[in-house]
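To start, the structure under review is shown below, and the notes come after it.
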């Protein structure tokens, strides 16, 4: 059961899907979608709806329900949306680390690092980013490529030479306990290309 706040957020996302794809929901269709989102729960509905907002066309309810109930392919695209949202929120100046070591590796090796990903992303790229990210993610996951190092931002890169003692705080994206374990236990690291 969703809280009142969660229900309001999901309802807002449904409205955003209609606006983004220039096809607003009718009140009846909005109610049908909302009932199905409540059935799968907030934690599954939210990422699926984020994917629908960024999708190239307005997906049908069945597609969104499939995303919400999840396959590996869908979860890789949802991870791409999470990276896109983090790039918009934190930007190229912040140093970041994700709770998924494959994600860190995909960004550092597949997209040239956090700074490059953030500075070279265009509005057109944003539409295709989740799908493109998912392809690289699946390839890295299949190969077992993982990185437990953080992704360096511009502040850290620029201060490393002049003020090495003043490294900025790393923005932690995801499960704080998983990130702390990655940072604190010296898990084998791959070369960070940022």
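So is residue 79 over 26 Å from residue 143 (Cβ atoms) and within 15 Å of the chain's Cα centre (by Cα) or not? No: the conditions fail for residue 79. Applying the condition of being in a helix (DSSP H, G or I) and touching a residue at least 60 places away in the same chain (Cβ under 8 Å) to the stretch 92-106 and asking which residue is surrounded by the most Cβ atoms within 10 Å (Cβ to Cβ) yields 105. A residue that is assigned to a helix (DSSP H, G or I) and over 26 Å from residue 125 (Cβ atoms) occurs nowhere in the stretch 18-25.
Bear in mind these aren't lab numbers, they're just calculated from the coordinates by the rules spelled out. Only a predicted model underlies this, so the values are computations on that prediction, with no experimental measurement involved. As a convention, Cβ positions derive from the backbone with ideal geometry for all residues, glycine included, and neighbour counts pool all protein chains shown.
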